[in-house]
Amino acid sequence: MGESNALYYSETRPIGAAGDFITAPEISQMFGEMIGIYLASMWRAAGQPPNVHYVELGPGRGTLAHDALRTMTRFGLSPSVHFVEGSPSLRAVQSAQVADITFHEDVSTLPDDGPILMVANEFFDALALRQLLCTDRGWYERMVGLVDEKLAFVSGNKPMDAAIGDNFKDAPIGAIVESSPASAAIMKEAARRITAQAGCAVVIDYGYGAARLGSSLQAVQNHTKIGVFDAPGRADLTFHVDFAALAESASAAGARCNPLMTQGDWLRLMGIGARAEALSRAQPERMSEIALAHHRLTHADEMGDLFKVLTIAGGNWTCIMNSSELE
Ligand code: SAH
């Protein structure tokens with residue numbers, strides 16, 4: 001999965017209406033603006049410390065950073081910019097959108113000398129997923145192999161029963177338990193830095209708050225779901241993020257987590273309603289477009305409920321929930 005996505009993001013321009021899938025920052029500038037407002041609020045609540053670093057994991061086309069940084073500037077916050085991005089072609093797109101980016105292959109080389117404002121939107125869902133399958137002989141890893149010259153799921157040969165928590169010990173044959181060791185490792189290192197250097201993180205993705213059974217692996221090409229083996233390296237492979245596991249990794253590294261919120265509730269708390277009204281007043285000709293974007297980002301039938309927001313703070317930063325600090 002990691003290999004397939006690395007190839008996928010290196011050779012194509014996947015994101016946007018003309019690509020394979022569209023993300024929240026590509027729907028409307030309001031999404032990045034609300035994140036900018038939250039980060040500026042956190043920074044003000046912490047007493048406006050100097051030498052702050054904006055860090056984004058998997059910044060896509062750079063649109064979110066562009067909108068968030070513009071908003072932060074309005075509140076007197078101009079952090080240095082660090083992108084963790086594996087794709088050379090997306091790095092080029094991002095450089096056209098945001099000035100003075102320092103690029104990183106992974107979180108290990110991020111600056112260690114000041115508070116961190118971290119953002120990850122639809123990043124963790126694209127990392128490698130591990131699935132364990134319950135068989136009549138116990139639990140085994142679901143792996144990928146060649147069967148009749150075609151990619152197919154095959155069983156690993158090592159018993160994996162020890163990796164199954166008590167909550168799933170009685171699962172029926174055929175049950176699947178997912179985890180993402182790659183996500184846990186990145187979250188742990190990110191939270192360790194946020195704890196040591198102070199700062200905060202906003203993680204947004206489709207996912208769930210309590211551990212559950214079942215496969216959430218899917219492939220998306222041209223805005224349509226296809227079979228996961230149909231187009232290796234040419235379709236986006238994703239899974240639903242286990243936010244309980246991410247919060248656990250962050251807490252284990254010493255950071256504090258707010259309760260998980262839906263994207264709709266969180267954006268409303270940040271003031272997206274008022275922002276939509278202000279934009280519509282300033283540009284009446286775009287009123288219906290703005291209303292539609294507001295609906296897509298917040299409504300339960302669109303992205304509002306499926307997408308979740310996990311906010312994290314570390315060091316001496318207070319883990320505030322809302323942006324009232326700026327009013
Ligand atoms: N956040 C963007 C893009 C989401 S797509 C948006 O909201 O539009 C996933 C992003 O993560 C892409 O930028 C992709 O190149 C990057 N990515 C995926 N796996 C990665 C990895 N292992 N290391 C670094 N970047 C990765």
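Quick notes on this structure:
- Karplus (6.51, -1.76, 1.60) ³J(HN,Hα), θ = phi - 60°, over segment 88-100, in Hz, Gly and Pro reported as x: x, 6, 6, 4, 5, 4, 5, 5, 6, 9, 10, 7, 6
- Proximal lysines to residue 308, defined as alpha-carbon separation beneath 27 angstrom and excluding residues fewer than eight positions away on the same chain: 188, 225
- Percent RCO, i.e. relative contact order, over segment 47-140, from Cα pairs under 8 Å lying at least 6 residues apart: 37 percent
- Residues whose placed amide H lies under 5 Å from that of residue 119, excluding near-sequence neighbours: 55, 56, 57, 202
- Close amide H partners of residue 226, meaning residues 5 or more places away or on another chain with modelled amide H under 5 Å apart, are 219, 220, 221.
- Ranked by the mean number of other Cβ atoms within 10 Å per residue, highest first, peptides 201-211, 279-289 order as 201-211, 279-289.
- Taking every DSSP bridge with both residues inside the chain, close to 60 percent are antiparallel.
- Per-residue HN-Hα couplings for segment 33-49 [Karplus 6.51, -1.76, 1.60; θ = phi - 60°; Hz; x = Gly/Pro]: 5, 5, 5, x, 5, 5, 5, 5, 5, 4, 5, 5, 4, 8, x, 6, x
- In the chain, the DSSP-assigned H stretches of four residues or longer account for a calculated mean residue ellipticity at 222 nm of -10500 deg cm²/dmol, using -39500 (n - 2.57) per stretch and the full residue count as denominator.
- Alpha-carbon centroid distance for the pair segment 273-313 / segment 1-63, whole angstrom: 16 Å
- Taking Lys and Arg as +1 and Asp and Glu as -1, the other residues whose beta-carbon sits under 11 Å from that of residue 13 total -1.
- Our note on the geometry: Cα centres of segment 244-267 and segment 156-198, 16 Å apart.
- For segment 115-120, putting each phi into the Karplus relation 6.51 cos²θ - 1.76 cosθ + 1.60 with θ = phi - 60° gives couplings of x, 10, 10, 9, 10, 9 Hz, in residue order, rounded to whole numbers and with x for Gly and Pro.
- Residues of type aspartates and glutamates that residue 158 reaches as a straight line, Cα spacing below 12 Å, ignoring anything fewer than 8 places off in the same chain: 141
- Label-point separation, residue 112 to residue 291 (7 Å along Cα→Cβ), nm: 5.4 nm
- Sequence of 179, 249, 89 once ranked by neighbouring C-beta atoms within 10 Å, starting from the fewest: 89, 179, 249
- In this structure the amide hydrogen of residue 16, modeled in the peptide plane, comes within under 5 Å of the amide hydrogens of 21, 22, 23, none closer than 5 places in sequence on its chain.
- For the chain, the relative contact order is 21 percent, taking Cα pairs closer than 8 Å that sit 6 or more residues apart in sequence and dividing their mean separation by the residue count.
Every read-out reported here was derived from the displayed coordinates using simple, explicitly stated rules and does not represent laboratory data. Only a predicted model underlies this, so the values are computations on that prediction, with no experimental measurement involved. As a convention, Cβ positions derive from the backbone with ideal geometry for all residues, glycine included, and neighbour counts pool all protein chains shown.
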